[in-house]
Amino acid sequence: MDASGADSLLPEAQKALYGASIIIGPERHLSMLPDVQAIQICWPTPFEQGIQKLISYRGKPVVMLVSGDPFWFGAGTQIVRHLAAEEWIAWPGMSCFSLAASKSGWAIEHTKCLGLHAASLHRLRPYLRPGQHIMATLRNGDAVQELAAYLTETDFGRTKIEIFEQLGGKQARITSCNADALPDRLFHHPVMVGLHVAGDGKVMPRATGLANSWFAHDGQITKQSIRAMTLSALAPVSGQNLWDLGAGCGSIGIEWLLQGRSMQASAVEQNSDRIQLIKQNARQLGVDWLNILHSDILSALPQLDKPDAVFIGGGLSPDLLDQLWAILPSGTRIVANAVTLQTDRILTQAYERHGGELQRMEMASITAIGRMQGWKSAYPITQWTVIR
């Protein structure tokens, strides 16, 4: 139900509304209802409590009020996973993205659509490049000011913002301005924005192997070139889950997640200072759903959901490989990097036992030699890749 109230509903939905014994929804939606006989219940906070309350009325004719299309960045998928197919029916309205597109004239199929009403604004970071069109829902009116400040801080302050307030209702209002010139006033919920990105900010490449400068680290980082080859060996596929063991600053797990929102990853790290670096990097690079465990690797394994791929960047030992081989499901891809003679020997023995592919990677970069330049070799990396 949008801001215009019950009159905006389809006839079937209006019939269900008047035939319900219980109507549950946000206070704003309940305030739009006509004179109905049903018991009205305000959806509680946090959201999950409302799901339990809704399920407690199983067997009764219950109507849940939501905005627009509940299966387009809405609550629909969170609700129906708790219900059998025959227990629910949805009558979607026009989504806020469709309403905004009808005002902006942007083609939705060429616009990045994001739900930021329950997520960090940092999730914008991978998509910030001049010329990009983005539509996003926001938590509330205060988030508009936070968004403008974030765009300015990242040197995208020249981004044109279209602020859509209460679209579809009588109080609808559209404000257009640059992020760094946002008027200091109150914006009213529900609110969403359209962004035409502009500015001189740093653009995140889409290829794997981000420059090391994208990450805060203490030196414990899989360097750019090795990281690119490691991610290629891990071969991420949409929807897969990664274990990043001995994660350092989290660069492998973070770049895995940058492949798409359906990706999942857990980073396990024992050093408390590096845990803070992982949290910082995940947030700043827009993948704040990274699961971070402050633990030694062997203790963490029982806490992790089964993976599709495992990367061992630190903490490599024969005991770890034996335990992984015992618990990982068939088909899991394992990639391990070694730099010392001791860990090199572990991978050589693992290759002899389990097969796979063993390769040595040697990199060199130009460095100053007096007034001239020469090649300086980094420590060679041994990499073992195998399918369990």
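The values are calculated or read from the model by the stated rules, or taken from the named source; none is laboratory data. What you are looking at is a predicted structure, and each value in this text was computed from that prediction instead of being measured. Note: ideal-geometry Cβ built from the backbone for every residue, glycine included; neighbour counts use all protein chains shown.
Does segment 213-226 include one or more residues that are surrounded by fewer than 16 Cβ atoms within 10 Å (Cβ to Cβ), closer than 24 Å to ASP155 by Cβ and out of contact with any Leu (no Cβ under 7 Å at 6 or more places or on another chain)?
For segment 213-226, residues surrounded by fewer than 16 Cβ atoms within 10 Å (Cβ to Cβ), closer than 24 Å to ASP155 by Cβ and out of contact with any Leu (no Cβ under 7 Å at 6 or more places or on another chain): present.
Of everything in segment 372-388 that's closer than 20 Å to GLY314 by Cα and polar (S, T, N, Q), which residue is surrounded by the most Cβ atoms within 10 Å (Cβ to Cβ)? Working first, answer last.
Pass one, segment 372-388, residues closer than 20 Å to GLY314 by Cα: 378-388.
Of the ones still in play, those that are also polar (S, T, N, Q) are 382-383, 385.
On the way: THR382: 21, GLN383: 18, THR385: 18.
In this case the residue turns out to be THR382.
Pairs, please: C-beta under 6 Å, at least 6 apart or cross-chain, first residue in a helix (DSSP H, G or I) and in segment 353-374, second surrounded by 10 or more Cβ atoms within 10 Å (Cβ to Cβ)?
HIS354/VAL386
Here is a check on your reading of the model: is ASN281 surrounded by 14 or more Cβ atoms within 10 Å (Cβ to Cβ), within 25 Å of SER213 (Cβ to Cβ) and more than 23 Å from the chain's Cα centre (by Cα)? Spell out the reasoning first.
Details: surrounded by 14 or more Cβ atoms within 10 Å (Cβ to Cβ): yes; within 25 Å of SER213 (Cβ to Cβ): yes; more than 23 Å from the chain's Cα centre (by Cα): no.
Judged against the criteria, ASN281 is not a match.
Considering each residue of segment 230-275, count those that are touching a Lys or Arg at 6+ places or on another chain (Cβ under 8 Å) and within 16 Å of ASP305 (Cα to Cα), and give that number.
1
Suppose we keep only residues that are in contact with a Ser or Thr (Cβ under 8 Å, 6 or more places away or on another chain) and within 19 Å of ALA118 (Cβ to Cβ) within segment 35-69. Which one would you say is surrounded by the most Cβ atoms within 10 Å (Cβ to Cβ)?
GLY68
Which of the residues that make up segment 239-282 are in a loop (DSSP other than H, G, I, E, B) and farther than 22 Å from SER317 by Cα?
Across segment 239-282, the qualifying residues are GLY239, GLN240, LEU258, GLN259, GLY260, ARG261, SER262, MET263.
Scan segment 332-348 residue by residue and report those that are in a helix (DSSP H, G or I) and surrounded by 12 or more Cβ atoms within 10 Å (Cβ to Cβ).
THR343, ASP344, ARG345, ILE346, LEU347, THR348
Looking for something under 23 Å from PHE215 (Cβ atoms), assigned by TED's automatic domain parsing to the domain that holds SER225 and either touching a helix residue (DSSP H, G or I) at 6+ places or on another chain (Cβ under 8 Å) or modelled with pLDDT of 95 or more (or both) - is there at least one such residue anywhere in segment 341-352?
Among the residues of segment 341-352, at least one is under 23 Å from PHE215 (Cβ atoms), assigned by TED's automatic domain parsing to the domain that holds SER225 and either touching a helix residue (DSSP H, G or I) at 6+ places or on another chain (Cβ under 8 Å) or modelled with pLDDT of 95 or more (or both), which makes the answer yes.
Out of all the residues in segment 227-251, which are surrounded by 18 or more Cβ atoms within 10 Å (Cβ to Cβ) and of a type in the set (Val, Ile, Thr)?
Hit for segment 227-251 is THR230, nothing else.
Tell me which of these TRP91 doesn't satisfy, since it passes every other one: (1) in contact (Cβ under 8 Å) with a residue 40 or more places away in the chain; (2) over 29 Å from ALA16 (Cβ atoms); (3) of a type in the set (Phe, Trp, Tyr).
Condition not satisfied by TRP91: (2).
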